[in-house]
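Chemist: Structure incoming, see below.
The values are calculated or read from the model by the stated rules, or taken from the named source; none is laboratory data. Predicted, not measured: the structure shown is a model, and the values here were computed from it. So basically every Cβ, Gly included, is an ideal-geometry build from the backbone, and we count neighbours across all protein chains shown.
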Ligand code: 2NL
């Protein structure tokens with residue numbers, strides 16, 4: 001028996017079959033049919049070897065081993081060809097193409113200030129309180145000790161929705177409502193939008209954000225007001241100097257404005273502080289006993305202090321924005337500068 005012609009036949013047919021494989025699956029099927037350990041054609045021929053004489057065995061074994069090595073080489077070559085073809089068909093990527101710029105959201109500068117103020121007062125035990133923007137004259141003016149002929153109550157300064165209902169001119173009504181609902185003691189911070197009948201110009205807007213704060217408890221004094229507001233200014237502006245000046249509001253007595261050393265020129269005088277070296281940041285005072293009484297709080301037992309400030313003004317000062325209208329234009333070129 002001679003296996004040499006069969007080895008040659010396997011070689012010829014194997015080369016043809018490998019070249020004919022058009023996919024890697026077909027190539028794998030060819031590999032199994034030709035060289036598979038169980039039912040491959042080479043394995044079948046090798047199984048015949050024991051029947052041969054020693055000389056025939058040597059010649060046939062060497063021939064079969066040559067065929068095996070040759071077909072393995074062909075399989076590897078075709079496999080590389082098919083892999084290269086698959087790469088060519090895959091969608092191609094231009095790695096030099098510039099990336100599309102990703103949209104980054106930004107907080108509005110007024111929101112940045114409000115959130116920082118909220119955080120500072122939260123750490124002092126204050127709770128954030130919210131309330132309606134449409135209010136009655138009683139909550140907006142009467143309970144706050146405005147005399148009935150006060151100019152702010154006039155239709156020229158306040159936006160009325162009806163005879164009695166108006167758009168709140170400050171967030172103080174929320175403090176009155178909180179005292180009515182929960183009684184003393186309270187420590188609250190009240191951010192929100194307020195409305196005034198003003199023309200929109202570089203320094204006025206008919207709607208703007210306000211933040212007020214109120215602390216009412218037994219034994220609260222002007223010391224608490226000064227210490228808390230000084231701590232607040234140092235947290236927000238980073239260790240700057242502060243000063244208090246006497247002032248007047250119908251709802252506080254005594255009243256005081258707090259200034260911080262100008263954050264732009266550090267006291268030497270510039271355009272932002274109009275040469276004074278100081279920036280006014282808030283109004284404050286001891287809650288007028290009439291306000292406590294109107295809110296149902298015993299003014300003999302409790303005292304309190306309160307403050308109000310405009311975060312839009314503070315944003316203009318901090319970021320050096322020259323015109324308040326930039327805060328309300330929704331111009332993306334302006335707003336994206338605050339992305340961090
Ligand atoms: C300012 C001044 C201020 C208050 C607001 C207040 C509220 C209640 C009682 C007493 Cl319920 N006071 N708020 C007190 C002092 C000043 O605002 O310049 N705001 C922009």
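Chemist: Which members of the stretch 148-166 meet the condition of being within 16 Å of the ligand (Cβ to nearest atom) and either within 16 Å of residue 135 (Cα to Cα) or at pLDDT 95 or above (or both)?
Modeler: 152, 157, 158
Chemist: Still on this model: How many residues does the stretch 46-73 hold that are buried (at least 19 other Cβ atoms within 10 Å of the Cβ) and closer than 13 Å to residue 11 by Cα?
Modeler: Summing the residues that are buried (at least 19 other Cβ atoms within 10 Å of the Cβ) and closer than 13 Å to residue 11 by Cα in the stretch 46-73 gives 5.
Chemist: Let me ask something else about it. List pairs: first in the stretch 307-332 and under 16 Å from residue 233 (Cβ atoms) and touching a residue at least 60 places away in the same chain (Cβ under 8 Å), second more than 16 Å from the ligand (Cβ to nearest atom) and not in a helix (DSSP H, G or I), Cβ under 7 Å, 6+ apart or cross-chain?
Modeler: Every condition considered, the pairs that remain are 315/321; 318/263.
Chemist: Oh, and also: Could you check residue 125 against (1) surrounded by 10 or more Cβ atoms within 10 Å (Cβ to Cβ); (2) in contact (Cβ under 8 Å) with a residue 60 or more places away in the chain; (3) over 30 Å from residue 335 (Cα atoms) and say which number it fails?
Modeler: Tallying (1) surrounded by 10 or more Cβ atoms within 10 Å (Cβ to Cβ); (2) in contact (Cβ under 8 Å) with a residue 60 or more places away in the chain; (3) over 30 Å from residue 335 (Cα atoms), residue 125 fails exactly one: (1).
Chemist: Listed residues 292, 316, 335; which is touching a strand residue (DSSP E or B) at 6+ places or on another chain (Cβ under 9 Å) and assigned to a helix (DSSP H, G or I)?
Modeler: 292
Chemist: Can you name the residue in the stretch 263-282 that is under 31 Å from the mean Cα position of the chain (by Cα) and closer than 27 Å to residue 171 by Cβ and is also modelled with the lowest pLDDT among such residues?
Modeler: Looking at the filtered set, the residue picked out is 272.
Chemist: Counting only residues that are in contact with a helix residue (DSSP H, G or I) (Cβ under 8 Å, 6 or more places away or on another chain) and in a strand (DSSP E or B), which one in the stretch 211-251 is surrounded by the fewest Cβ atoms within 10 Å (Cβ to Cβ)?
Modeler: 244
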